[in-house]
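The values are calculated or read from the model by the stated rules, or taken from the named source; none is laboratory data. Just so it is clear, the structure is predicted and the values come from calculations on it, not from any experiment. Cβ: placed from backbone, ideal geometry, glycine included. Neighbour counts: every protein chain shown. To get the accessible areas, we keep the full protein, side chains included, count just its heavy atoms, and leave off ligands, DNA and RNA. Shrake-Rupley method; radii C 1.70, N 1.55, O 1.52, S 1.80 Å.
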Amino acid sequence: MKIGVYGGTFNPPHLGHLTAARAVFELLKLDKLLLVPAGLPPHKALPAGSPTAEQRLEMTRLAAEQMGLGDRVEVLDLELRREGKSYTSDTLTQIKGLYPEAELWLLMGTDMFLTLQTWHAPEEILAQAGIAAFGRTEEDTEELFSVQRDYLYRTYPAARIFTLTIPGVVDISSTELREQLSADRGANLLPPAVYGYILREGLYH
């Protein structure tokens, strides 16, 4: 079984996340996709006024339901239940315990891919999972990926890396989207069920 693991703060989960994840799912012929909302992300603090962990989890569940993958996509609350910072190496260890025979692939965008060597225990991450990195804009070219890919192969010889640029991907950062939502814009960048939840809960205003 091939399983994709896609983590993030999902604050909120938007169409950029979903289109990228769906493209990787199909290109790598994954059997299952796991979405993992971060508890305490080690690289960045959650902005003041962010939704609660439970609200981010619910938005991610609603987004997953709209991917059209049925039971092949699942949302895990591993990091939200775990105390301390949400280290990817710990999350992969837990998922490996749930699916000991599975081949894991860790999905990430350009910024994460280019800084992977600075993460907590990168050697453990690369030993436990392949890396599926996607360019979120047309400017994220193969030339940019190739330098980092070569570096990672030299530094971690056992690494498995798959990179792709996704034409037409919805190019929006969560920060920009939160700003739009605070001005009553941005509905077109969200799955309808997520936008409805944001309105009902009065989030980002």
- request: Would you please give the residues with an amide H less than 5 Å from that of Leu107, counting only those at least 5 places away or on a separate chain, with H modeled from the backbone geometry?
  value: Val5, Tyr6, Gly7, Ala132
- prompt: Let a ≥ b ≥ c be the square roots of the eigenvalues of the Cα gyration tensor of the range 30-100; is it rounded (a/c under 1.5), or, if not, prolate (a/b larger than b/c) or oblate?
  reply: oblate
message: With only alpha-carbon pairs counted, each pair once and no self-pairs, how large is the Kirkwood hydrodynamic radius of the range 1-57 in angstroms?
response: 12.5 Å
query: Pick from Leu189, Leu152, Leu27: which is most flexible by mean-square fluctuation in a GNM of the chain where alpha carbon atoms under 10 Å apart are linked?
result: Leu27
query: Along the Cα-to-C-beta direction of Arg72, a point sits 7 Å from the Cα; which residues of the range 25-59 have their amide N less than 11 Å from that point?
result: 25-33
- request: Hey, can you grab everything whose amide H is under 5 Å from the amide H of Ala121? Only 5+ residues off in sequence or another chain; H modelled, so Pro and N-termini drop out.
  value: none
- prompt: In whole Å, what is the distance between the alpha-carbon centres of the range 176-196 and the range 91-165?
  reply: 29 Å
query: Roughly what would the spin-label model give for Leu199 and Thr52, points 7 Å off Cα along C-beta, in nm?
result: 2.3 nm
field: Rounded, prolate or oblate (a/c below 1.5 giving rounded, otherwise prolate when a/b exceeds b/c) for the range 51-92 by Cα gyration tensor
entry: oblate
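Grab the beta carbon distance between Leu144 and Glu176, set R0 = 22 Å, and tell me the FRET efficiency rounded to 0.05. All intermediate terms of the calculation are to be shown ahead of the outcome.
Working: r = 21 Å, r/R0 = 0.95.
Working from the Cβ atoms, E equals 0.55.
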message: I'd like the FRET efficiency for Arg160 and Glu65, computed as 1/(1 + (r/R0)^6) with the beta carbon distance as r and R0 of 41 Å, rounded to 0.05.
response: 0.85
field: Gaussian network model of the chain, springs between alpha carbon atoms under 10 Å - residue of Ala63, Ala127, Ala183 with greatest fluctuation
entry: Ala183
- prompt: Which of Gly16, Gly130, Gly49 moves the most in a Gaussian network model of the chain with Cα springs under 10 Å?
  reply: Gly49
- line: Applied in sequence order to the range 117-134, the curve 6.51 cos²θ - 1.76 cosθ + 1.60 (Karplus, θ = phi - 60°) yields integer Hz couplings, x standing for Gly and Pro, of 5, 8, 6, 5, 6, x, 5, 5, 4, 6, 6, 9, 8, x, 10, 10, 9, 10
Residue-wise HN-Hα coupling along the range 99-112, computed from phi with Karplus coefficients 6.51, -1.76, 1.60 (Hz; x: Gly, Pro): 10, x, 9, 7, 9, 9, 10, 9, 8, 7, x, 4, 4, 5
message: If you scale each eigenvalue of the Cα gyration tensor by 5 and take the root, what three semi-axes come out for the range 93-205, rounded to whole angstrom and sorted largest first?
response: 32, 19, 12
query: In terms of Cα to Cα distance under 18 Å, which lysines are near enough to Lys32, apart from those fewer than 8 places away along the same chain?
result: Lys2, Lys96
- prompt: For all pairs of alpha-carbon atoms in the chain, what percent lies in each bin of width 10 Å, listed from the first bin to the last filled one?
  reply: 8, 36, 39, 15, 2
message: Suppose every Lys and Arg Cβ carries +1 and every Asp and Glu Cβ carries -1, with no other charges. What dipole size does the range 65-205 come out with about its Cα centre, to the nearest 20 debye?
response: 220 debye
query: Near Lys44, which lysines are there with a Cα under 18 Å away, not counting those fewer than 8 places off in the same chain?
result: Lys85
message: For Arg160, what residues show an amide H to amide H distance below 5 Å, using hydrogens built from the backbone and excluding near sequence neighbours?
response: Ile131
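With every protein chain kept in place and ligands, DNA and RNA left out, what is the accessible area per residue of the chain? Probe 1.4 Å, answer in Å².
48 Å²
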